[in-house]
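Everything below concerns the one structure shown next.
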Amino acid sequence: MSLSSELCKTMYRDMWRIRLFEEEANRQTSLGSVVGALHMYCGEEAVAVGVCSNLRDDDYVLGTHRSHGHCLAKGAESHRMMAELFGKATGTCAGKGGSMHIADFSLNMLGANGIVGAGIAPATGAALASKLRGTDQVSVCFFGDGAAARGTFHEGIGLGALWKLPVVYVCENNQYQQWVPRMNVAVLDSVADMAGSYAIPGVSVDGQNLVEVYEVAGEAVERARKGGGPTLIEARTYRFYGHSLGDEEQYRPAAEVEEWRTNRDPITTFQSTMMEQGWLTEEEDTQIQNEVKDEITEAVRFAEESPFPTPDSVTTDVLAPVQEVA
Amino acid sequence: MRTLTFSEALREALHEEMERDETIFVIGEDVITHGGPYKVTEGIAERFPDRIFETPIAEAGIMGVGVGAAMAGMNPVVEIMYMDFVTCAMDEVVNQAAKMRYMTGGQASVPMVIRLPCGVGRLLAAQHSQIMESWFMHVPGLQVVVPSTPGDAKGLLKSAIRSPDPVLFFEYKRIYTSRGQVPDGEHIIPLGQAKICRDGEDATVVAIGPMVQKSLEAAVLLEDDGYDVEVVDARSLSPLDSETICESVSRTGHAVVCGEDSSFAGAASEIAAMIGENCFRDLNGPVVRVGSPHVPMPFSSELVKHVVPEVANITEAVSRVMM
């Protein structure tokens, strides 16, 4: 295994950052501080962290409506993200995007997206930009299993494959398309099998296993960076919460949810691995979790104390302020 | 001054801009093999072989790639073979390109031009003849530009390419072969500026696209009736140069708005409403729209005649508002 103890601790911490950020956002929703749809990523942390830990700061990431994890894994600051969820002026998107459209362009995180499957062709476009500029930046597009049914999946991956672009398509197959079990509405069990239509490698991986995700994504990113073209990765995963907060979840057996939460939690799974390998002591574990708790407490304080956007900002950012041509 | 066709003027703008800025690339169906259906992209593959991408038939993919490349710092010029096909990429235009800057609090810029051959050309009927400028005028974050002459086509396309925000660039198919003067050298027309094409004192005709030329012809005929008609080419529908339009209408006291698209909820309707709101006290008659009836484009040339507005419709409308 090529993983260093240091990298493992960073990835472990990042998974906790996602988990605790979201659980706090959930709590803030019940308190009324966070409003609007909140699509929880909890349970899928190993996918975002395993993939993004292979990326450079200048690599591109495009997300989904469930993208808190993608942003945090790419390096976004939790206090600015929390402020965005609060609708504050200090948020990553100045209070104009919210949870579903969260983005941090300073990290080349080109945005979550409220439309299923809408990031696939733009990720291909960002990869085309890298190729045209002659840089070796890689683009990663996360999308759900529902997106694999959309035409944009076919068109976006088709173009990426045609031009052998440096892009990694990561399907987070959490097995439910909103409320519908995937296999009620799909023919192929594995989304990775669809890669054959585009003559690119397709790999299915256990999305609850951080090490596996990290290694499979590492190969795909390396291939993309070296000019070998796209890869389609399917990460088999599960969301611990409903489609969005307030979902009554009558479509998922309680025992199934309990099984994944208890035995397939990516954080506790990796925690055990690290302990077994001697990469993490109990003291270090406690310290990491406490530091992350402090970070999230600070994020909430920052969000609470931040001002709401001023009314004049409602009309800014529609078009660029200066429209004069050079 | 030299004359060029509308197609040649667009091609010249593309070549000059691609020479100037290497972040510009062209993407679309048949843009290499055939030079596009109207030959606008002809010669680009020979001169800039690495910056033109001929695609499979995948409008959503093409548009999405354009959006992503633009967000990542490039300047794509997307060609949609017939504007009707943009309906296959509406999410990419409306939910992605238009919204990115706003949703991200100003972080994103989508400097993309979407070229849209539109309107009646050869008799291609209902799925290859639409215009629908107002669909895009209605979406904040998009700019809508409609040149009516080769000179404006060149100057406006260059501005559109240099704009940091998405531009829907409407090219009326039946004026691709029309000729007009195009200045030598750098020729730029800023977006958002209407043009007074003919001065007049009695009535203002605000026209869009090919209706500009027809309005100028109508103005000559109306001289015989003793009417001195001013013709304003809107040129840019969003942002709309309401200042130039209102100044003209307030001076003449009469307004007719002409577009080739259906008047119902069309671009002309927005302009007419804007005039009504701002110039009511200066108006001496109703604001009248000239456009096509609210029907799909038929096939038979005998039917098309009753759809596309002609000079007579404009003269009739001006006479009506002057009564």
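Structure notes:
- Under-5 Å amide H pairs with B:V290, H placed in peptide plane, nonlocal only: B:V257, B:C258, B:G259
- Taking only alpha carbon atoms, chain A gives an Rg to Rh ratio of 0.96, where Rh is the Kirkwood radius.
- Backbone phi angles across segment A:133-148, fed through the Karplus curve with coefficients 6.51, -1.76 and 1.60 (θ = phi - 60°), yield HN-Hα couplings of 7, x, 8, 10, 5, 10, 10, 10, 10, 8, 7, x, 5, x, 5, 5 Hz in residue order; Gly and Pro are listed as x.
- Rounded to the nearest 10 degrees, the inclination of helix B:311-322 to the longest alpha-carbon principal axis of chain B is 50 degrees.
- Column: log10 I(q)/I(0), Debye, Cα scatterers of segment B:3-181, q = 0.13, 0.15, 0.17 Å⁻¹: -0.58, -0.79, -1.04
- Chain B: angle of helix B:211-223 to the longest principal axis, Cα-based, in degrees nearest 10: 20 degrees
- Within 10 Å of the Cβ of each residue in B:186-198, the mean number of Cβ atoms contributed by other protein chains is 1.
- In order through segment B:233-245: 3J(HN,Hα) via Karplus (6.51 cos²θ - 1.76 cosθ + 1.60), integer Hz, x for Gly, Pro: 8, 4, 6, 10, 8, 8, x, 9, 7, 5, 5, 4, 5
- Its relative contact order, with pairs defined as Cα atoms under 8 Å and 6+ residues apart, puts segment B:195-322 at 28 percent.
- Set of segment B:247-265 residues, backbone N closer than 17 Å to the point 7 Å along the Cα-Cβ line of B:H294: B:259-265
- Sum of -39500 (n - 2.57) over DSSP H runs of 4+, divided by residues of chain A (222 nm, nearest 500): -14000 deg cm²/dmol
- For the protein assembly as shown, a Kirkwood hydrodynamic radius built from all Cα pairs, placed in the Stokes-Einstein relation at 4 °C and 1.567 mPa s, yields a translational diffusion coefficient of 49 µm²/s.
- Going from the residue with the fewest nearby Cβ atoms within 10 Å to the one with the most, B:V308, A:V300, A:V170 rank B:V308, A:V300, A:V170.
- Convex hull of segment B:143-235 built on C-alpha atoms - directionally averaged projected area, nm²: 6.4 nm²
- Packing rank of A:141-147, A:98-104, where each peptide gets the mean count of other beta carbons within 10 Å, highest leading: A:141-147, A:98-104
- Neighbouring partner chain Cβ atoms per residue of B:71-77, average, 10 Å criterion: 6
- In degrees, nearest ten, helix B:150-162 long axis to first principal axis of chain B (Cα): 50 degrees
- Once the Cβ-Cβ distance of A:K293 and B:M90 is raised to the sixth power relative to R0 = 56 Å, the FRET efficiency obtained is 0.80.
- Here's how it looks for B:R198: its modeled amide H is under 5 Å from those of B:V231, which are all 5 or more places away or on a different chain.
- Amide H to amide H, with H built 1.01 Å from N, A:V203 comes under 5 Å of A:L232, A:I233, A:E234, counting only residues 5 or more places away or on other chains.
- Per-residue average of Cβ from other chains inside 10 Å of B:107-116: 3
- For segment A:179-194, the Karplus equation 6.51 cos²θ - 1.76 cosθ + 1.60, evaluated at θ = phi - 60°, returns couplings of 10, 9, x, 3, 6, 6, 10, 10, 9, 8, 5, 9, 5, 4, 5, 6 Hz by residue, with Gly and Pro reported as x.
- Expected 222 nm ellipticity per residue - DSSP helices of 4 or more, -39500 (n - 2.57), all of chain B, to 500: -9500 deg cm²/dmol
Read-outs: derived from the displayed coordinates by stated rules, not from any lab. Everything numeric in this text was worked out from a predicted model, so none of it was measured. No Cβ is skipped: glycine too gets one built from the backbone with ideal geometry, and neighbour counts run over all protein chains shown.
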